[in-house]
1. What distance in nm separates the simple spin-label points at residue 10 and residue 43, each placed 7 Å from Cα in the Cβ direction?
2. The chain: D in µm²/s via Stokes-Einstein (Kirkwood Rh, Cα pairs, 10 °C, 1.306 mPa s)?
3. Whats the longest run of the chain with zero chymotrypsin sites (Phe, Trp or Tyr not before Pro) that are DSSP loop and have at most 16 other Cβ atoms within 10 Å?
4. List the residues whose amide H sits under 5 Å from the amide H of residue 20, counting only those 5 or more places along or on another chain, with H placed 1.01 Å from N in the peptide plane.
5. Quick one: 3J(HN,Hα) in Hz for the stretch 36-45, Karplus 6.51/-1.76/1.60 with θ = phi - 60°, rounded, Gly and Pro as x.
6. Can you compute 3J(HN,Hα) from phi for each residue in the stretch 13-25, using the Karplus curve 6.51 cos²θ - 1.76 cosθ + 1.60 with θ = phi - 60°, rounded to whole Hz and x for Gly and Pro?
7. Could you tally the net charge around residue 34, taking each other residue with its Cβ under 15 Å from the Cβ of residue 34, Lys/Arg +1 and Asp/Glu -1?
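Please treat every number below as a calculation from the coordinates, not as lab data. Worth saying up front: this structure is predicted, and the values here are computed from it rather than measured. So basically every Cβ, Gly included, is an ideal-geometry build from the backbone, and we count neighbours across all protein chains shown.
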Amino acid sequence: MDLRNIATHELGHAAGLGDIYNPAYSYVTMYGYSHTGDTEKTTLAAPDIKGLQKIYGK
Ligand SMILES: [Zn+2]
């Protein structure tokens, strides 16, 4: 497991984001499942950013 991958995801939770389980969004940081070698989630994807904007306003 990529540590930054998990850390970014957990930071998302700390910021108030929930898990996403829609397979169409498997690339986003807040997707609820991860796999070994997954490094797609070390940065925020557009839906992650949208979620944050929803919580905190623009
Ligand atoms: Zn999670």
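1. In this crude label model, residue 10 to residue 43 measures out at 2.3 nm.
2. Working: Rh = 11.2 Å.
Here the translational diffusion coefficient equals 141 µm²/s.
3. On the way: sites that count: 21, 27, 33.
Formally, the longest exposed-site-free interval is 34-58.
4. So residue 20 has HN proximity to 31, 32.
5. Each residue's phi maps through the Karplus curve to give 4, x, 6, 10, 5, 9, 6, 10, 7, 8 Hz.
6. Listing the rounded values in order: 4, 4, 7, x, 7, x, 6, 10, 10, 6, x, 5, 10 Hz.
7. Details: positive: 4, 41; negative: 2, 10, 19, 38, 40, 48.
Net local charge, residue 34 excluded: -4.
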